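Just below is one structure, and these are the notes that go with it.
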Amino acid sequence: MPILSVIVPFYNVEKYIGPCLDSLAAQTLHDLEVICVDDGSTDGGPAVVEARLEGPVRLVRQPNQGVGRARNVGVRYASGRYLAFVDGDDRVPPGAFQRLVSSLESTGSDLACGNVMRLSQNRLVPSWAHKRAFAQPARRTHITRHPLLIRDRMLWNKVYRRSFWERLGLSFPERMYEDQPVAMAAHVGAHSVDVLKQIVYHWRQRDEEGASITQRCLEPDNLRDRLLSVMETAHLLDAWAPSLKPHFDRDTLDIDMTVAAEALAAMGPDADPGLVDLAVRFLDGVSHADWLTIPFAQRVQMHLLRERRLAELAEVFAEHRDGRLRPRVSRAGLLRRRWHGVHPAMPRRLSEVSEELELAPRLTGLGWRDGFLTGAGRVALGSFDATELGRVRIDVRLQEHGTGRAIALSSQDAEPTWDSAPRDDGAPTPEHGFAFSFTFDPAVLTPAQLSRQRLWDLRVRLRAPRLDLDARVDGPRWQGPVAPAPHRREGVWLLPVRSAKGRWGLRLRRADAVIDECRVEGGELRFSGRLRDPGDGEPTIRLVRGSDGEEMYFPVTLTGQDFHAGVPLDDVEEAVGRDSCWDVLIDQGRPLRPVVRGAARPEATVGDRRFRVDRAADGGLMLVERTAIAESRSDAPRRRAAGRR
C-alpha cells in the first residue's frame, strides 16, 4: 500500500498534462501512486498519459461528467494512507508532498496545507489568495484559530489523512466549483491542521480564451454552480463554525457576489429567477456590519440585486465600470463626525462610508524653474463627489524616510471642481476634487539631510470640518507628468522620482555612474554615460527584475571613463503579471546604480510587446514592460475571482 495517492482529473489539457505528470515523477516522496482520471477528453491528453503508464501511474476513463465525478472516481481507486489532488494543468514542486506528508506523520494532524504560486507564462508569482494565510507556519492549528484560512478553499495545496477523509464522509458535488464546499468541510471538520509556509503547488493561469471554468464566470450555468457552492459553504459554516461565517461573508461579498452582480446586470430583467433567488438568499444572510465592509459602489449594486431591481443594477454597474459613479458624501451624526454616501437607491442604514474615505492625489505637472522644483496637482476624495466639504485646506510636504521629518511646500485653501482624470488605460473619467500647487527650494536642505541621501515622499493633507486625511501622491505610472531632470547640490543629486507603483518623491543620492543619454532605436535600448572610476575589469550591464530577482546580462563598451551599452528589447525575458520592471545596473564587480540625468522617457513597441524607459525610485534606469491594460479598482475583485477554479 503506498503512503500517498495523488488523484489527477483531466479534460482537454494535452498541452499541460505531460509537465504535470513529470512534476509528480520528480517528487522526493517516492512511495506514491498517481491515479489519472480522464473525464472524456477529446484531445490528445489521454495519449500523453498512456505514454507515462509505468510504475505508480494508472489511467481511469469515464465519459465527460465533470471534475467532481472524476475526483470521486479517483478516490474510489486510491489505496494510499494519504490523499492529494492535483489538477491536470498544474505542477507540484519536487519536495512538496514530502513536506506535507512528513508534517502529518510528525503532528498527527488530519490535513496539511501549504503556500501557492501562480504559474503564468512559465513564470511564478505569489498567489493573492494564499499569501497572507501562509505567511507564517503553524502546526496543529485550526481554521477557527487561523481564520485567514477562509480563503484557502482549494483542494490541491493539501494532503489529507485518508482515515479523516472517510470519517467525514467527504465527496464532491458533481458540478463546477465543487472544491470549495469540500475544502471548507475538511478545514472545519479537522481536529488539527498543519500550515506550511513553503510553496507546495504551482497553480497555472491559463492563457487560452475560455480555457477554464472561471474564464466563463459570467455564463448562467457557471454562475449557478458558483452560487450553489457558496450557499453550501455558508450553510456548513452556520451549522459547524458560526464564528467563521462573517469572514466568509466578507470574502464572498468581495469576490463571488461581485461576479454575480456583473453577470446578473448583463442579463438584466431577463435573468433566470432561480439565479436571482440564489444570490438573494446569500445576501439575506449577511449581517449589517458585514455589508458595511465592502466599498460603497459595490454595496449599491448588492443592494439593488437583493431588491431584485435588475434594470437599475445594470445602470449602476455600467456607471461604475466607466468611472461615472460619483456619489456625493454627506456629513452625519449629532456632531457631524460620520459620513454617508448619497445615492437614490441606497437606504441610509447601508450608506456609511466614514472608513472608506481616502485621498487620491495625483500630479498634473512637475518641473524645475529658476532652480526651484514646482508642481501642480489635484486631490480627490476617492471616487466621491466632495461638494459638501466646501472650502478645505490643502497642505503639501516632503517627508523623509527613516526620520519622518517634513519640509512644508505649500498650504492653500481650495474648493472642489470637476475635471477629467486619466485612468490607467488612458481613458478619461470624471473626477471631483481640489487643485493644489507647490514650490520646493533645494536650499532648505541641511548638510545632514543631504548626507543621509534618503528618499523623501511627496504627501498631501486635506483638512475640513470633521475630516483630516493624508496620503502619498501617486498616479498611473503610464500617464504624465514626466519626471524632470535631476538637480545637483553640493555633490548630491536631487532626483524627482516615481516608484514602480507610481508614487512620487524626491531621491537624494551620490552616484558612481551617470547616464547622460538614453533612447530607443531600432528595437534596442541604447544609453551612454560616464563612470567615476572605470576600474580594472570589464563592466557589464545587469538587468534585475523586481518581482522575482531574475537577471540578464549585456555587454558594455568602455572608453576611459565613458561607456556605451545596448539592450535588444526582443531579448528581454517576457513580462510576468501585469507589468515587469527591470532595474538597469552596471556590474563592476559590485553593482552600480547609475543616475539618469535626462528627463526623456522613451517608449517602444517590439512585436506585440510595449516598453517604457523610466527613472526608478532610486534615480536609476528602469525598463518597464506593460502586458495588459491595468485593472480599475472596480474590476479587480472580479478579475481576482476569475483566477479561481
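The values are calculated or read from the model by the stated rules, or taken from the named source; none is laboratory data. As the structure is a computational prediction, the values presented were derived from the model and not from experiment. Methodologically, a virtual Cβ is constructed for each residue, glycine included, from the backbone with ideal geometry; neighbour enumeration extends over all protein chains shown. Quick note on the areas: whole protein, heavy atoms, side chains included, nothing else; ligands and nucleic acids left out. Shrake-Rupley method; radii C 1.70, N 1.55, O 1.52, S 1.80 Å.
Numbers at a glance
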{"read-out": "Strands (runs of 3 or more DSSP E) lying entirely in segment 428-493 (those with 2 or more residues that are farther than 27 Å from THR403 by Cα)", "value": "428-440"}
{"read-out": "Criterion (under 22 Å from ALA414 (Cβ atoms), surrounded by 14 or more Cβ atoms within 10 Å (Cβ to Cβ) and either modelled with pLDDT of 95 or more or of a type outside the set (Gly, Ala, Ser) (or both)) met by exactly one of LEU359, LEU305", "value": "LEU359"}
{"read-out": "Matching residues, segment 1-34, being of a type in the set (A, V, I, L, M, F, W, C), open to solvent by less than 30 Å² (accessible area, probe 1.4 Å) and assigned to a loop (DSSP other than H, G, I, E, B)", "value": "VAL13, LEU29"}
{"read-out": "Long-range neighbours under 9 Å by Cβ, at least six apart or interchain, first residue at negative phi and open to solvent by 30 Å² or more (accessible area, probe 1.4 Å) within segment 464-479, second hydroxyl-bearing (Ser, Thr, Tyr) and in a loop (DSSP other than H, G, I, E, B)", "value": "ASP474/SER499"}
{"read-out": "Candidate set: segment 38-58, residues that are in contact with a Leu (Cβ under 8 Å, 6 or more places away or on another chain) and under 28 Å from ASP110 (Cα atoms); chosen: the one surrounded by the fewest Cβ atoms within 10 Å (Cβ to Cβ)", "value": "PRO56"}
{"read-out": "Residue that is surrounded by the fewest Cβ atoms within 10 Å (Cβ to Cβ), among those in segment 608-645 that are modelled with pLDDT of 50 or more and of a type in the set (Val, Ile, Thr)", "value": "THR627"}
{"read-out": "Looking only at segment 533-585, and only at residues there that are aliphatic (A, V, I, L, M), more than 20 Å from PRO602 (Cα to Cα) and not in a loop (DSSP other than H, G, I, E, B), the one that is most open to solvent (accessible area, probe 1.4 Å)", "value": "LEU558"}
{"read-out": "Index of the failed condition, ILE294 passing every other in (1) closer than 28 Å to HIS235 by Cα; (2) β-branched (Val, Ile, Thr); (3) touching a Lys or Arg at 6+ places or on another chain (Cβ under 6 Å)", "value": "(3)"}
{"read-out": "Residues being open to solvent by 20 Å² or more (accessible area, probe 1.4 Å), in contact (Cβ under 8 Å) with a residue 40 or more places away in the chain and within 19 Å of ARG626 (Cα to Cα) - total across segment 487-529", "value": "7"}
{"read-out": "Residue ID - nearest to HIS320 (Cα to Cα), chosen from residues in segment 389-422 that are open to solvent by 60 Å² or more (accessible area, probe 1.4 Å) and outside any strand (DSSP E or B)", "value": "GLU415"}
{"read-out": "Unique match (being in contact with a strand residue (DSSP E or B) (Cβ under 7 Å, 6 or more places away or on another chain) and among the β-branched types (Val, Ile, Thr)) among VAL57, VAL48", "value": "VAL57"}
{"read-out": "Which listed residue, of ASP270, ASP238, ASP249, ASP225, is at negative phi and free of Cβ contacts under 8 Å to residues at least 40 places away in the same chain", "value": "ASP270"}
{"read-out": "Among (1) open to solvent by less than 20 Å² (accessible area, probe 1.4 Å); (2) in contact with a Ser or Thr (Cβ under 6 Å, 6 or more places away or on another chain); (3) more than 25 Å from GLU33 (Cβ to Cβ), the one test that SER127 misses", "value": "(2)"}
{"read-out": "Where GLU178 falls short, out of the listed (1) acidic (Asp, Glu); (2) within 25 Å of the chain's Cα centre (by Cα); (3) surrounded by fewer than 16 Cβ atoms within 10 Å (Cβ to Cβ)", "value": "(3)"}
{"read-out": "Tally of residues being acidic (Asp, Glu) and in a loop (DSSP other than H, G, I, E, B) across segment 291-329", "value": "2"}
{"read-out": "Test: residue in segment 502-513 that is in contact with a Gly (Cβ under 6 Å, 6 or more places away or on another chain) and either assigned to a loop (DSSP other than H, G, I, E, B) or of a type in the set (Ser, Thr, Tyr) (or both)", "value": "yes"}
{"read-out": "Any hit, segment 61-77, residues being open to solvent by 10 Å² or more (accessible area, probe 1.4 Å), at pLDDT 95 or above and touching a Lys or Arg at 6+ places or on another chain (Cβ under 7 Å)", "value": "no"}
{"read-out": "Qualifying residue in segment 81-100 (condition: in a loop (DSSP other than H, G, I, E, B), among the hydroxyl-bearing types (Ser, Thr, Tyr) and either at pLDDT 95 or above or open to solvent by less than 10 Å² (accessible area, probe 1.4 Å) (or both))", "value": "no"}
{"read-out": "Candidates VAL200, VAL195 - the one that is over 25 Å from VAL67 (Cβ atoms), in contact with a strand residue (DSSP E or B) (Cβ under 8 Å, 6 or more places away or on another chain) and touching a residue at least 40 places away in the same chain (Cβ under 8 Å)", "value": "VAL195"}
{"read-out": "Given (1) in a helix (DSSP H, G or I); (2) in contact (Cβ under 8 Å) with a residue 40 or more places away in the chain; (3) over 30 Å from GLU551 (Cα atoms); (4) not polar (S, T, N, Q), index of the condition CYS113 fails", "value": "(1)"}
{"read-out": "Single match in PHE440, PHE434 (criterion: closer than 30 Å to GLY333 by Cα, touching a residue at least 24 places away in the same chain (Cβ under 8 Å) and of a type in the set (Phe, Trp, Tyr))", "value": "PHE434"}
{"read-out": "Criterion violated by ALA297 - all others in (1) crowded, with 22+ Cβ neighbours inside 10 Å; (2) in contact with a strand residue (DSSP E or B) (Cβ under 8 Å, 6 or more places away or on another chain); (3) within 30 Å of PRO220 (Cβ to Cβ) satisfied", "value": "(2)"}
{"read-out": "Candidates ASP533, ASP516, filtered to the one that is within 36 Å of the chain's Cα centre (by Cα) and not aliphatic (A, V, I, L, M)", "value": "ASP516"}
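For every residue, the table says whether it meets (1) in contact with a Phe, Trp or Tyr (Cβ under 9 Å, 6 or more places away or on another chain); (2) open to solvent by 50 Å² or more (accessible area, probe 1.4 Å); (3) part of a helix (DSSP H, G or I); (4) of a type in the set (D, E, K, R).
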position	(1), (2), (3), (4)
ARG132	no, yes, no, yes
GLN136	no, yes, no, no
TRP156	yes, no, no, no
PRO173	no, no, no, no
